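The values are calculated or read from the model by the stated rules, or taken from the named source; none is laboratory data. Just so it is clear, the model here is predicted, and its values are computed rather than measured. We place every Cβ from the backbone using ideal geometry, glycine too, and count neighbours over all the protein chains shown.
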Amino acid sequence: MSILAPAARVRRLTADEALTLYGRPLFDLAGAAHEAREALTDPNVVTYLIDRNINYSNVCNVGCAFCGFYRTRRQDDSYTLSFEAISAKVRELEAVGGTRILMQGGVNPYLHFSWYLELLQHLHDQHPSIRVEAFSPEEIKGMAKLTGMRTDEVLRALQAAGLDGLPGGGGEMLVDDVRHARHVSPARISADDWIRIMAEAQALGLYTTATMVIGFGETPAQRVQSLLRVREQQDRALAEHGNGFSAFISWTLQTKGVRIEGRAPGAGAFEYLQNVAAARLILDNVVNHQASWPTMGYKGAQTALFAGCNDFGSTMLEENVVSQAGARNRATPERELVRQIVDAGFAPRQRDSLYQIVRVPDVEAMLAPEAPSAAGAQQADAEAAADGASSDPPAAGAPAA
Ligand code: SF4
């Protein structure tokens, strides 16, 4: 029996079977993954989140070759945001109905641990309705090194100060031969440590996600190996306390303008969709799979909705967009995400980071054409430009400590 046949998919794929997925015709693979998604989540619905990324500091001492975000402290454009600057960004998110911030930075050895605790306390006091999901295992490891505490102690202290979750930054490829390769990041947190810190966060009840990046030059077997690390940890977490990864998100390595350019092949739409679909079939214990519009463009992300994904990710509001937030339905990326989901034939639903539906958007009102006006024409021009831009992957170097 083919492992893509519906009857075969009720049982778990072995590592050998998982590897064969990467040799299957793409449309067969995507079709099987789509059926698996339909069996686990509402077939008609695609969810999205209104959130904001805040990068509190770009100072980092890890030096990943694929990262265009980090700076040393001596560089002119290094920064660490003040609490008030972070708060101002959160207020803009609140104004457009957002529910969480995703806050990451570099591994900054010059920030005292008390700075993080005070920041979380500040956010908790000033913005009680916003969930704060912040830091990555790499940053937690950095804080542990700085303080001499164990990573679980660091997590416990951060949680007591207001941390709600640990995003999956730095998952990339959970195979040390790949992540520690000279052309990638020899100083990167190991796969074992990444999994261990995620497991500690899950045991504390924190929200977590698993991420994966392809395109470092890894083999299909290494992709499977990485996915199986996630599946194994999810099994353990669900068996021990029921709090595992809330979602799986994969994307392709962005190489333009960073040191890894020319030294890693990256990956295109075909490999992205192949990996998305294979992940849906291999990770039978992770319910939510997210499409990645920031890296694959809206077209790639829409296609991923037919290869196993049930979620369109988040708005990741940017300052220049949020500043126009007075006209919510026109000026925020929410409208665009809703449009993409509707155009793909699904019903959009705003969710929170725990994948609970918090709002059914008024699609008709949101997508209704506006009466033409001088301001409206300018807006349309800006949106058309944004549409064009969004079809291409953004520049490399999104921070992913
Ligand atoms: S990816 Fe993260 S850990 Fe690596 S250099 Fe960039 S900010 Fe630092």
Is there a residue being under 29 Å from residue 227 (Cβ atoms), at pLDDT 95 or above, out of contact with any Asp or Glu (no Cβ under 7 Å at 6 or more places or on another chain) and surrounded by fewer than 22 Cβ atoms within 10 Å (Cβ to Cβ) anywhere in the range 147-163? yes
The one condition residue 107 fails out of (1) assigned to a loop (DSSP other than H, G, I, E, B); (2) within 29 Å of residue 232 (Cβ to Cβ); (3) more than 16 Å from the ligand (Cβ to nearest atom); (4) not polar (S, T, N, Q) is (3)
Checked the range 13-53 for anything modelled with pLDDT of 95 or more and assigned to a loop (DSSP other than H, G, I, E, B); matches are 13, 14, 22, 23, 24, 25, 41, 42, 43, 44
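Yes/no matrix, rows are residues, columns are (1) charged (D, E, K, R); (2) surrounded by 15 or more Cβ atoms within 10 Å (Cβ to Cβ); (3) more than 30 Å from residue 109 (Cβ to Cβ):
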| position | (1), (2), (3) |
| --- | --- |
| 20 | no, yes, yes |
| 23 | no, no, yes |
| 40 | no, yes, yes |
| 48 | no, yes, yes |
| 58 | no, yes, no |
| 67 | no, yes, no |
| 74 | yes, no, no |
| 77 | yes, no, no |
Determine which single condition residue 95 fails, assuming it passes every other condition in (1) touching an Asp or Glu at 6+ places or on another chain (Cβ under 9 Å); (2) touching a residue at least 60 places away in the same chain (Cβ under 8 Å); (3) more than 14 Å from the ligand (Cβ to nearest atom); (4) not β-branched (Val, Ile, Thr). (1)
Quick check, is residue 119 among the aliphatic types (A, V, I, L, M), in contact with a strand residue (DSSP E or B) (Cβ under 8 Å, 6 or more places away or on another chain) and in contact (Cβ under 8 Å) with a residue 60 or more places away in the chain? no
Within the bounds of the range 30-49, is there any residue that is of a type outside the set (Asp, Glu) and within 16 Å of the ligand (Cβ to nearest atom)? no
Are any residues in the range 34-65 of a type in the set (A, V, I, L, M) and without any contact (Cβ under 8 Å) to a residue 40 or more places away in the chain, and if so, which ones? 39
Tally the residues that are among the acidic types (Asp, Glu) and either closer than 17 Å to residue 258 by Cβ or near the ligand (Cβ under 7 Å from one of its atoms) (or both), restricting the search to the range 71-82. 1
Within the range 254-262, can one find any residue that is small (Gly, Ala, Ser), surrounded by fewer than 22 Cβ atoms within 10 Å (Cβ to Cβ) and over 21 Å from the mean Cα position of the chain (by Cα)? yes
Please work out if residue 175 is buried (at least 18 other Cβ atoms within 10 Å of the Cβ), within 13 Å of the ligand (Cβ to nearest atom) and more than 14 Å from residue 138 (Cα to Cα). no
Can you find even one residue in the range 54-70 that is away from the ligand (no atom under 16 Å from the Cβ), outside any loop (DSSP other than H, G, I, E, B) and touching a strand residue (DSSP E or B) at 6+ places or on another chain (Cβ under 7 Å)? no
Could you check the range 185-197 and list, in sequence order, the residues that are touching a helix residue (DSSP H, G or I) at 6+ places or on another chain (Cβ under 7 Å) and more than 16 Å from the ligand (Cβ to nearest atom)? 195
Among the residues of the range 12-26, is there at least one that is over 19 Å from residue 311 (Cβ atoms) and aromatic (Phe, Trp, Tyr)? yes
Which of the residues that make up the range 130-150 are over 16 Å from residue 207 (Cα atoms) and among the polar types (S, T, N, Q)? 147
Within the range 110-139, work out how many residues are more than 24 Å from residue 50 (Cα to Cα) and more than 16 Å from the ligand (Cβ to nearest atom). 6
Counted residues, the range 187-225 - those being of a type outside the set (D, E, K, R), touching a Lys or Arg at 6+ places or on another chain (Cβ under 9 Å) and more than 20 Å from residue 242 (Cα to Cα): 7
Taking helices (runs of 4 or more DSSP H) that do not extend beyond the range 126-211, which have at least 2 residues that are among the hydrophobic types (A, V, I, L, M, F, W, C)? 137-147, 151-161, 191-203
For residues that are under 19 Å from residue 39 (Cα atoms) and assigned to a loop (DSSP other than H, G, I, E, B), tally how many sit in the range 251-305. 7
